[in-house]
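The values are calculated or read from the model by the stated rules, or taken from the named source; none is laboratory data. All of these numbers come straight from a predicted model, not from anything done at the bench. Neighbour counts run over all protein chains shown; Cβ positions are idealised from the backbone, glycine included.
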């Protein structure tokens, strides 16, 4: 095996580790959503709160820009994550919110 292949193997190992870390953080985020659901249930709040969606997206874009990650890509990723999160919350809240409502 050439040193180039070994380097590629090492880089792939690093990417795999990063992916595991990302998945672990996403799981932590979902556990937090479970707590959010409890608060929203108690307070009678809906799954989708458009103002909060835009606040999160703006924050993520700024964070991405600060670390040299393309803000447009971060926004697309987070909007997908937020859409899933709203649907997850809505299922547990027993509502009928659609992810599209979060964008309006």
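Could you list, in sequence order, all residues of the range 37-55 that are part of a helix (DSSP H, G or I) and surrounded by fewer than 16 Cβ atoms within 10 Å (Cβ to Cβ)?
At the first step, the residues of the range 37-55 found to be part of a helix (DSSP H, G or I) are 37-43, 50-55.
Answer for the range 37-55, where residues must be part of a helix (DSSP H, G or I) and surrounded by fewer than 16 Cβ atoms within 10 Å (Cβ to Cβ): 38, 39, 41, 42, 43, 50, 51, 52, 54, 55.
Answer with yes or no whether residue 62 is in a loop (DSSP other than H, G, I, E, B) and at pLDDT 95 or above. So that I can check it myself, show each step before the final result.
Numbers: in a loop (DSSP other than H, G, I, E, B): no; at pLDDT 95 or above: yes.
When the stated conditions are applied, residue 62 does not pass them.
Return yes when residue 5 is loosely packed, with under 10 Cβ neighbours inside 10 Å and at pLDDT 95 or above and no when it is not.
Taking the combined requirement at face value, the residue does not satisfy it.
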